[in-house]
Every structure is written in C-alpha cells, then in structure tokens.
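Sending over a structure as structure tokens; questions will come in a sec.
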Amino acid sequence: MRVLVVGGFGALGREVGAAASADGHEVVASVRPDPDDRRRLPAEVVLRLLDLRDPAATRRVVEADRPDAVINAAYVAGGPDLDAVTAVAPGVLAAACAARGIRFVHVSTDVVFDGRIPPGESYGEAAVPNPVHVYGRAKLEAEVAVAARDPAAAVVRTSLLYPGTQVGLVERAVSGAEPVTFFDDEWRSPCRTADLARFLLWLAVDPAGRTVEGVVHAAGADAMSRAELALRIAAATPRLLGAVPPTGPAPAGGPPRPRNCVLRSDRGLPGLPLPGLRTALDGP
C-alpha cells in the first residue's frame, strides 16, 4: 500500500515511515520546505515538500500522491504557526481524504483534557475534553474538524513519547542550559515512539484497523510523573553519566497546566494499552 506520512521528519513520523517501509509499503513522507537532511529516513522513502500553512498545497499533496492511507503526525506546540499547522491543517487533510476514500489517521494529545481528575484516575475516550492552554485548544479544534469532515477517520490521543523531545529536554536541564524543573505532581502515560508508530500503522493499513473510527486512546500502561520520567531517562542515557535532573512540585500560579492527563482506552482494541516505560527506562 502507499502510505503518506505527514510530518515525516518528526520523531513519530520517522518511526511510522520506517515501520511502514519495513513492512513493504510504499512510503511518502511530507516534510517542511528546504529540509537540511533526511534524518535517518530509509532511502526508499519518497519525500514531498509540504507547507501545512497552505491549504491548497496540502490538498494537492493528497491529490497528487493518491495514497491508500494518510497518517498525520505533524504539529507545532506554539508560535505563529500554531493555528495553521496544528488546528487547521488536520481538517484540510481529513476533507481531502474523505473526498477520495482514503483512510485517515490523525494524532492528537492527552492535553485536550484539563487534568483536574484526582491522582490515580484516568481519562477514557468518552471523557469530555476541556483544554487549559493554547496548544490543547488547537489540538481539540483539529479533532473537531477531523470528525466533522471525515467521520470514518481515527483520532488517536497519545502522551509523552520516548525517545523524543523529552530526552533533549532532560539533557538541557542537567547541563544547566535550560532552567527546567520536572514536576512530581504532574502525571502522564508515556510510551515508546516505536510502539505508537506500529499501532498507527495497524489503524491505517490493516483491514481490521480500518474499521476503527473516532477517538482512540493509545498511550503507555504506566502512569508516570514527569519527574519519574526525567529520572528514568537520565539513568538510561549513558552520555548523562548519572546526572540527576531537577524535580519538584509544580509552583503555584503561572500559566495553567493540566496536572493529571493519564489516559486509558475503553475500546478493547488489540495492543492497547501500549507497553509502559518503566521496564524500558530502568537504565543499564
């Protein structure tokens, strides 16, 4: 099958492209204009320059490549392109896919929730979103647009990914390059990037996966504070030489942050929940 991976240079997009290529699928990866390198994408992956801020260009990529499935792993978390890339582009992709009978899988986030549930509880797919910051609101806007324009699409909410941006954040924190405290009272359900990529691929190209519509929670089985995750990443990263990242409670005041965004899935799908990270990050 031909699979178009939107956001093909991101950590998740690279894993999806590599997994699809390894399974013998033809992979087209959309990347931002003027990429500086292939970032370890398999040589057989076809690159398409795509500026997601341009709806017409977004539609043209889907029309020109005629994929069997599109997996959207692209986003920005803030800045001037937040609305165009994170909130608006997924709906454009969904409409283009629906018009051509193309399977569409969109990746969303746990921070569409306000995180006000007590520690030890979790959000299932039927929970009502209520984001508390601009990134969460943009991702929820995208979910609503995708559902309206392609009801057959799958919208996959996930959590923090390893490896991914968290590793670099821990490295910068322990080096003193960035003043970061990893909160011990903010909980998520992180997972391995490769495990999520495999699940997304199943949703996109497997005949059974194609019957899954609507919201799916695909996250790790272990509820974990940001502090625990940072400590385990530091222990599992040899170049950090046992450095301990700063941890502590979230300060009072400041920008709103969801405290408990642990996800669970109530849909009974194979492979869910994804494997947790405690075993993977026990360190050498």
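Please enumerate the residues belonging to segment 1-14 that are in contact with a strand residue (DSSP E or B) (Cβ under 9 Å, 6 or more places away or on another chain) and either among the aliphatic types (A, V, I, L, M) or open to solvent by 10 Å² or more (accessible area, probe 1.4 Å) (or both). Show your work before the answer.
Kept after step one, since they are in contact with a strand residue (DSSP E or B) (Cβ under 9 Å, 6 or more places away or on another chain), are these residues of segment 1-14: 1-9, 11-14.
Those that are in contact with a strand residue (DSSP E or B) (Cβ under 9 Å, 6 or more places away or on another chain) and either among the aliphatic types (A, V, I, L, M) or open to solvent by 10 Å² or more (accessible area, probe 1.4 Å) (or both): M1, R2, V3, L4, V5, V6, G7, F9, A11, L12, R14.
Given the criteria farther than 22 Å from R103 by Cβ, open to solvent by less than 30 Å² (accessible area, probe 1.4 Å) and either touching a Ser or Thr at 6+ places or on another chain (Cβ under 8 Å) or among the polar types (S, T, N, Q) (or both), does A223 qualify?
No: the conditions fail for A223.
Inside segment 155-203, can you point out the residues that are aliphatic (A, V, I, L, M), out of contact with any Leu (no Cβ under 7 Å at 6 or more places or on another chain), closer than 20 Å to C261 by Cα and open to solvent by 30 Å² or more (accessible area, probe 1.4 Å)?
L169, the sole residue that qualifies.
Could you please find all residues in segment 230-246 being outside any helix (DSSP H, G or I) and not β-branched (V, I, T)?
Of everything in segment 230-246, those that are outside any helix (DSSP H, G or I) and not β-branched (V, I, T) turn out to be L241, G242, A243, P245, P246.
Could you list, in sequence order, all residues of segment 271-284 that are open to solvent by 20 Å² or more (accessible area, probe 1.4 Å) and either within 19 Å of the chain's Cα centre (by Cα) or under 15 Å from A219 (Cβ atoms) (or both)?
Residues satisfying the conditions are G271, L272, P273, P275, R278, A280.
Here's a check for you: in segment 247-284, which residue that is of a type in the set (S, T, Y) and assigned to a loop (DSSP other than H, G, I, E, B) is modelled with the highest pLDDT?
Looking at residues that are of a type in the set (S, T, Y) and assigned to a loop (DSSP other than H, G, I, E, B), I get S265.
In segment 209-218, how many are open to solvent by less than 10 Å² (accessible area, probe 1.4 Å) and either in contact with a Cys (Cβ under 6 Å, 6 or more places away or on another chain) or in a loop (DSSP other than H, G, I, E, B) (or both)?
2
Does at least one position in segment 219-229 carry a residue that is outside any helix (DSSP H, G or I) and under 21 Å from A147 (Cα atoms)?
Yes, the conditions are met somewhere in segment 219-229.
Going by the structure shown, is A219 touching a residue at least 40 places away in the same chain (Cβ under 8 Å) and closer than 17 Å to L12 by Cβ? Step through it out loud before you land on a result.
Values: touching a residue at least 40 places away in the same chain (Cβ under 8 Å): yes; closer than 17 Å to L12 by Cβ: yes.
Here the answer is yes, as A219 does meet what is asked.
Specify which of the listed residues (S175, S159) is in contact with a Cys (Cβ under 9 Å, 6 or more places away or on another chain) and over 16 Å from A69 (Cβ atoms).
S159
Taking segment 22-43 as the search range and keeping residues that are open to solvent by 20 Å² or more (accessible area, probe 1.4 Å) and at pLDDT 70 or above, which one is nearest to the chain's Cα centre (by Cα)?
Only one residue tops the list, namely R32.
Report, by residue number, each residue of segment 247-258 that is open to solvent by 50 Å² or more (accessible area, probe 1.4 Å) and out of contact with any strand residue (DSSP E or B) (no Cβ under 7 Å at 6 or more places or on another chain).
P251, A252, G253, G254, P255, P256, R257
Go through segment 58-78 and give me each residue that's under 12 Å from R2 (Cβ atoms), modelled with pLDDT under 95 and touching a helix residue (DSSP H, G or I) at 6+ places or on another chain (Cβ under 6 Å).
V62
Separate question: Among A126, A99, which is the only one that is open to solvent by 40 Å² or more (accessible area, probe 1.4 Å) and either charged (D, E, K, R) or free of Cβ contacts under 8 Å to residues at least 24 places away in the same chain (or both)?
Exactly one of A126, A99 is open to solvent by 40 Å² or more (accessible area, probe 1.4 Å) and either charged (D, E, K, R) or free of Cβ contacts under 8 Å to residues at least 24 places away in the same chain (or both), namely A99.
The values are calculated or read from the model by the stated rules, or taken from the named source; none is laboratory data. Please read all numbers here as calculations on a predicted model, not as lab measurements. With ideal geometry, Cβ positions are generated from the backbone for all residues, glycine too; neighbour counts draw on all protein chains shown. Please note that ligands, DNA and RNA were not included when accessible areas were found on the heavy atoms of the full protein model with its side chains. Shrake-Rupley method; radii C 1.70, N 1.55, O 1.52, S 1.80 Å.
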